[in-house]
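The values are calculated or read from the model by the stated rules, or taken from the named source; none is laboratory data. The model shown is predicted, which means the values in this text are computed figures rather than measured ones. Cβ placement follows ideal geometry from the backbone for every residue including glycine, while neighbour counts extend to all protein chains displayed. Side chains are part of the model used for accessible areas, which takes the heavy atoms of the whole protein and leaves out ligands, DNA and RNA. Shrake-Rupley method; radii C 1.70, N 1.55, O 1.52, S 1.80 Å.
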Amino acid sequence: MKYDFKSIESKWQKRWQDEKSFKALDDYSTPKYYALVEFPYPSGAGIHVGHPRSYTALDIVARKRRMQGYNVLYPMGWDAFGLPTENFAIKNHIHPAIVTKNNVARFKSQLQSLGLSFDWDREINTTDPGYFKWTQWIFLKLFEHGLAYKTTMPVNWCTSCKCVLANEEVVNGVCERCGSEVIRKEKSQWMLAITKYAERLIDDLDLVDYIDRVKIQQKNWIGRSTGAEVEFDTTKGDKLLIYTTRPDTLFGATYMVMSPEHPYIEKWKNDLENYDEAVAYREASAHKSDFERTEMQKDKTGVMLKGVRAINPVNGREIPIFVSDYVLMSYGTGAIMAVPGHDTRDWEFAKKFGCPIIEVVKGGDVEKEAFVDCDTGVMVNSGFLDGMSVEQAKEAIIKWLSDNGKGHSKVNYKLRDWVFSRQRYWGEPIPLVYCEKCGWVPIPEDQLPLKLPEVDSYEPTDNGDSPLAKCEDWINTTCPHCGGPARRETDTMPQWAGSSWYFLRYMDPHNDKALASPEALKYWGMVDWYNGGMEHTTLHLLYSRFWHKFLYDIGVVPNPEPYAKRTSHGMILGSNNEKMSKSRGNVVNPDEIVETYGADTMRLYEMFIGDFEKAAPWKTDSIKGCRRFIERVCAMADNVAPGDEYSKKNEGAMHRTIKKVSEDIENLKFNTAIAALMSLLNIFSENGVNKAEFMTFLVLLNPFAPHITEELAESFGVKDTLVRYPWPKYDESKTVEESVNIAVQVNGKLKGVVVLPLDCDEEQAKKAALDDEKVKSAIEGKNIAKIIVVKNKIINIVAK
RNA sequence: GCCGGUGUGGCGAAAUGGUAGACGCCCGGGACUUAAAAUCCCGUGAGGUAACACUCGUACCGGUUCGAGUCCGGUCACCGGCACCA
C-alpha cells in the first residue's frame, strides 16, 4: 500500500470527530480514567515542538486505557489570560479577547492535526465568563474564610516605566523592557494565605504518586525547618524574639541582628543614640536593587545600635544589637541571634565588625572559618550543655527555655503567601468592592461573573495602578451590604488563578449552577495521571494543590489531593542542544513536520527521540527513521498470510512484545516501546507474518500512530475504529524461549556462549561451559576455584 | 554556596549487579535500475589481524563483588532549580 498520509490522516480525523470517538461518557457506572496534560497558554507563535511531547505521551496512555475498557477523560483547554496577549493588544490596538480567539483557533487546529484524542466537547477557556465566574466564586470563598487579605508589601517597581513588574520581568535586577533600575516599593496587594496550608502541602505528598524530583522540589520550596524561638531581654525592657534552627549554640551567640525593616527601630526611636543612622541604613537597603542585593551577598553591611543591648538568657551576658540586611523581615521573626562560630554569614559579619567568635561545638577551627557541619561534634563552652552531642543539646536547651519561659520549639517555612494582585487588564476582575463604611465587601454570588469593562486603552496607569482604575463608570458602584457608594477593586487576578482549578471544570464544563456537579466531582475524582513541565512544580502545581485542599475543606471536592500521579517530561532542545528560541534561530515549527512527514511520523519521532523525562535535542534528520518504519509497516501489510492465531515461529516474540509495549507505556518508556515494535517488524520480515500477528501489531502501534493503524486495520476488515478495540493480552509463560543463550565468563571476562534448554540444571550448565573450546583454552593450566551459575543468565568460572 | 539531575560509538540512545552499544540516524559496500532517487540485503566502538585470535573500552581516581555503565567513597565537567530562609 502506498503511504498517502495526508488523505489518511484527514480521513480518520474527520471520522473520529463525526463519531465523537473520544467523548468521555457521563455513564458513571464504568470504571473511569482521567488523564491530564497542562493546558497551554495560546501565544501568538502557535505551538512549538515541545508541546506535543507531553500531549502525545498522555494521548498514548488515554488511547491504551480506552482499549482496556475505561471511560477516559482526556480534555484540553486554554489558559488564556496573561501578559503577552495584553501587550500584543496594547501594541496593535486590538481587544485581547480577539487576540485570544485567533490564537486559540490556531492552537486548536494545530493540535487537531496531530490526531490527539481530546474530548473537544469539554474544551474550556479561562477567559470565558462562564468559566471565570467560578474562579471568582472560589476567590470569594477564600475571602469569606479569611484566606484572602489585602496588605502592603514590597513589589518590583521600574523607576523609568513607573510600573509594577512581575518577578519574571526583572532580569539581572533591571527592567526587562527598558533596562532601568528596579527597586522595591511598598504597594497594597491582595494576598492568599497559602502558608496556612504549608504543613499539609508537605505532609500530603505522602498520599500521592509524584516522581521524586517533583516531591523534592516542592518540599525545598516550602522549606520546612525545625528550631526554636528564643526571647532575649534587652536593656530597655522590651523582649527581642528570634528564631533559630540551632538553639544548641545559644552559648555562642555574641551579638544580635535585626532586619532593617524591624519595627523595634521605630519603637526604640527615643532610646537609640544613632536612630538617624539606623533609618538611613534602612532607606539605603530599600533602594538596593535585587541585583545589588545578590551581588553584595558576600560583603556584609550593617549598623550597631547604640543605647540598647540584648541579654543572652542562658548566661546573662550583654551583647550588642546590629541592623543588617542579611536578615530578612519576611522569615522567622525578622531578628536572629548571631553565632559566628557556627554560621558562615554570622562569621563573615563578625570578622568585619570585630565581634567575638566563640566555639561551642568542638571539631573545627572557628578562627579560620565557621564550623557549620558540626552535627557529630561535642558541645563546649556551653555551661550545662558541655559534653553533650548536638542532638542532645538541642533537646536539653529547648527544655531549659520552656522551663524558664524563655522560648519554645518552633517550625518555620520558607513559603510566602501568594501575591494575588496584578495591575493589569487581561485577567479575572477581583469581585470585591470597597465601602467607606463596611470595608471590603464581596459582590453577591448571583452577580457573578463580574466581567471586564470595555476600555479604550489597556496600558497601565502612570502610578502603576491597573488600567481598570481609569474606568470610572465601572469602578463606582453601590455597596452590596449597606447600599452606600462603593468602589470596585481594580486589580485583576494573576494567570495562575484560572489554572488552579481547571481540571475540575473538565468534569462538568457546562454547568452553570456549580463549578461542577457533586456527582461529576465524585465520579472523576482525582486526576489519575497528570503530566507537565518541571517549571510548574513550585507555582502551578503547588497553587492548585492549595486551592484543591481549600475546596476539600469547605466540602466542594471529595479528595484532599487533586492529582494521584504526576510525571514530567524533558524539554525538546534545538539541534544545537540549546533551548529553542527565536533569538537562537533554532525553533522547529511542528506544522512543517506534519506537512512533510505526517502526524503519525511526528508523534512517533517525539516519542522515540529519547528518555521521556530528559531533555532531548531535535534532529530533523532522525525523523526519517520513523517515517521509514511506517512505510515498512505499510509494505508489510501487503504480505500478510492468513491465520487466526499466532504461528509457532512468532508466538514468543508476539507475547514478549505485548508485554514490553504494555509495560513501557506505563513506565514512560515510549522510546523502547517503539524500538520493540520496530524489532517485531524486523522479525516479521524475517519469519513472515499472519493476519492475527499483524492485527496485534497494529493495535499495539495504534496509540503511537493512530491514523495509519486505523487505515490498515480497516483494510483487514475491521469495521469500527480501533478506539475501543481490545488491548492485546499476553501469556507470561509464552514470553520465555525454550532455549537460552548463556554467556560463559572466565574470571569475569566473556569467553563464550552456550545454548542450553530453559531452566536447565546447574551440573548440565557447568558441563556445557567447560566443554566450550574457548573456555577450555582460557582455563588451561589453571585450577578452578569455583563456578558460579546464574540460572538462564551466566556462568562464571573462577580459575587461578 | 545549597538541592536535584546528567556524563556510554560519528549522532539520538538501550542495558532487574550478569554477553555494553538493543532500536534508529549518519556513513561504507552490495542487489535492483540505462542511470539516479526510493527500496532491499550486508557491514559499522577503538586498536590489532590477510582473516581469525587477542587487547582496550561506559568522564576521572579508588573501593565492594565471582562479576560494576549500574552499588559505595572521592574528583571534574555540564544542565535545571533555589539562593543571605538564621
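Could you grab me the full set of residues in segment A:390-422 that are open to solvent by 20 Å² or more (accessible area, probe 1.4 Å) and of a type in the set (Phe, Trp, Tyr)? Listed by number, the residues that qualify are A:Trp400, A:Tyr413.
For A:Val588, the conditions (1) part of a helix (DSSP H, G or I); (2) surrounded by fewer than 22 Cβ atoms within 10 Å (Cβ to Cβ); (3) of a type in the set (A, V, I, L, M); (4) within 16 Å of RNA strand B (Cβ to nearest atom) are fulfilled apart from (1).
For segment A:666-682, filtering for residues that are buried (at least 21 other Cβ atoms within 10 Å of the Cβ) and either away from RNA strand B (no atom under 12 Å from the Cβ) or free of Cβ contacts under 8 Å to residues at least 12 places away in the same chain (or both) leaves 0. Scanning segment A:687-726 for residues being under 17 Å from A:Gly652 (Cα atoms), in a helix (DSSP H, G or I) and among the β-branched types (Val, Ile, Thr) gives a total of 1. Taking the stated definitions as given, is A:Tyr425 among the hydroxyl-bearing types (Ser, Thr, Tyr) and open to solvent by 10 Å² or more (accessible area, probe 1.4 Å)? So A:Tyr425 does not fit the description; no. A single entry from A:Asn792, A:Asn796 fulfils the requirement of being in contact (Cβ under 8 Å) with a residue 40 or more places away in the chain and either loosely packed, with under 13 Cβ neighbours inside 10 Å or in contact with a Cys (Cβ under 9 Å, 6 or more places away or on another chain) (or both): A:Asn792.
Residues in segment A:316-323: is at least one within 16 Å of RNA strand B (Cβ to nearest atom) and at pLDDT below 95? Checking segment A:316-323: not a single residue is within 16 Å of RNA strand B (Cβ to nearest atom) and at pLDDT below 95. Among all positions in segment A:140-157, there is no residue which is under 21 Å from A:Asn589 (Cα atoms) and among the charged types (D, E, K, R).
Residues in segment A:116-148 that are outside any helix (DSSP H, G or I) and within 26 Å of the chain's Cα centre (by Cα): A:Leu116, A:Ser117, A:Phe118, A:Asp119, A:Glu123, A:Ile124, A:Asn125, A:Thr126, A:Thr127, A:Asp128, A:Leu147, A:Ala148. On inspection, A:Val257 does not qualify as among the β-branched types (Val, Ile, Thr), more than 27 Å from A:Ile138 (Cα to Cα) and either more than 10 Å from RNA strand B (Cβ to nearest atom) or in a loop (DSSP other than H, G, I, E, B) (or both).
Just one of the listed residues (A:Lys766, A:Lys734) is in contact with a helix residue (DSSP H, G or I) (Cβ under 8 Å, 6 or more places away or on another chain) and not small (Gly, Ala, Ser), and it is A:Lys734. Counting only residues that are at pLDDT below 90 and surrounded by fewer than 18 Cβ atoms within 10 Å (Cβ to Cβ), which one in segment A:438-464 is nearest to the chain's Cα centre (by Cα)? Per the criteria, the residue is A:Glu459. Inside segment A:521-539, residues that are open to solvent by 10 Å² or more (accessible area, probe 1.4 Å), away from RNA strand B (no atom under 12 Å from the Cβ) and in a helix (DSSP H, G or I) make up a count of 2.
Yes or no: A:Pro467 within 16 Å of RNA strand B (Cβ to nearest atom) and surrounded by 22 or more Cβ atoms within 10 Å (Cβ to Cβ)? No: the conditions fail for A:Pro467. Screening A:Gly483 against (1) farther than 17 Å from A:Ser188 by Cβ; (2) open to solvent by 70 Å² or more (accessible area, probe 1.4 Å) leaves a single unmet condition, (2). Please determine whether any residue of segment A:683-700 is within 13 Å of RNA strand B (Cβ to nearest atom), open to solvent by 20 Å² or more (accessible area, probe 1.4 Å) and in contact with a Ser or Thr (Cβ under 7 Å, 6 or more places away or on another chain). No, every residue in segment A:683-700 fails to be within 13 Å of RNA strand B (Cβ to nearest atom), open to solvent by 20 Å² or more (accessible area, probe 1.4 Å) and in contact with a Ser or Thr (Cβ under 7 Å, 6 or more places away or on another chain). Of the conditions (1) modelled with pLDDT of 95 or more; (2) over 18 Å from A:Gln13 (Cβ atoms); (3) part of a helix (DSSP H, G or I); (4) not polar (S, T, N, Q), A:Ala80 clears all except one; give me its number. Condition (3) is where A:Ala80 drops out.
Any residue at all in segment A:602-610 that is under 21 Å from A:Lys11 (Cα atoms) and open to solvent by 80 Å² or more (accessible area, probe 1.4 Å)? No, segment A:602-610 contains no residue that is under 21 Å from A:Lys11 (Cα atoms) and open to solvent by 80 Å² or more (accessible area, probe 1.4 Å).
Evaluation of A:Ser715 against the conditions (1) open to solvent by 10 Å² or more (accessible area, probe 1.4 Å); (2) free of Cβ contacts under 8 Å to residues at least 60 places away in the same chain shows that the sole unmet condition is (2).
State whether one or more residues within segment A:266-282 are within 30 Å of A:Cys158 (Cα to Cα), hydroxyl-bearing (Ser, Thr, Tyr) and near RNA strand B (Cβ under 9 Å from one of its atoms). The answer is no; no qualifying residue exists.
Taking residues in segment A:613-628 that are over 15 Å from A:Ala57 (Cβ atoms), and partners anywhere that are near RNA strand B (Cβ under 8 Å from one of its atoms) and among the aromatic types (Phe, Trp, Tyr), the pairs with Cβ atoms closer than 8 Å and at least 6 places apart or on different chains are A:Gly625/A:Phe608; A:Cys626/A:Phe608.
Can A:Asp611 be described as near RNA strand B (Cβ under 10 Å from one of its atoms) and part of a helix (DSSP H, G or I)? Against the criterion (near RNA strand B (Cβ under 10 Å from one of its atoms) and part of a helix (DSSP H, G or I)), A:Asp611 does not qualify.
If the condition is being acidic (Asp, Glu) and more than 13 Å from RNA strand B (Cβ to nearest atom), then segment A:766-784 contributes only A:Asp771. Checking each residue in segment A:401-435 for being of a type in the set (S, T, N, Q) and either in contact with a strand residue (DSSP E or B) (Cβ under 9 Å, 6 or more places away or on another chain) or closer than 30 Å to A:Cys479 by Cβ (or both) picks out A:Ser402, A:Ser409, A:Asn412, A:Ser421, A:Gln423. Note on segment A:263-371: enclosed helices (runs of 4 or more DSSP H) holding 2 or more residues that are surrounded by 18 or more Cβ atoms within 10 Å (Cβ to Cβ) and among the acidic types (Asp, Glu) are A:344-353. Within segment A:1-49, being polar (S, T, N, Q) and in contact with a Phe, Trp or Tyr (Cβ under 9 Å, 6 or more places away or on another chain) holds for A:Gln17, A:Thr30, A:Ser43. The residue that is farthest from A:Lys660 (Cα to Cα), among those in segment A:741-765 that are buried (at least 17 other Cβ atoms within 10 Å of the Cβ) and either within 12 Å of RNA strand B (Cβ to nearest atom) or among the charged types (D, E, K, R) (or both), is A:Val746. Taking the listed residues A:Met337, A:Met388, the one that is more than 11 Å from RNA strand B (Cβ to nearest atom) and among the aliphatic types (A, V, I, L, M) is A:Met388, with no other qualifying. Every test in (1) assigned to a helix (DSSP H, G or I); (2) touching a helix residue (DSSP H, G or I) at 6+ places or on another chain (Cβ under 7 Å); (3) among the aromatic types (Phe, Trp, Tyr); (4) over 26 Å from A:Lys719 (Cα atoms) is passed by A:Trp12 save one, and that test is (4).
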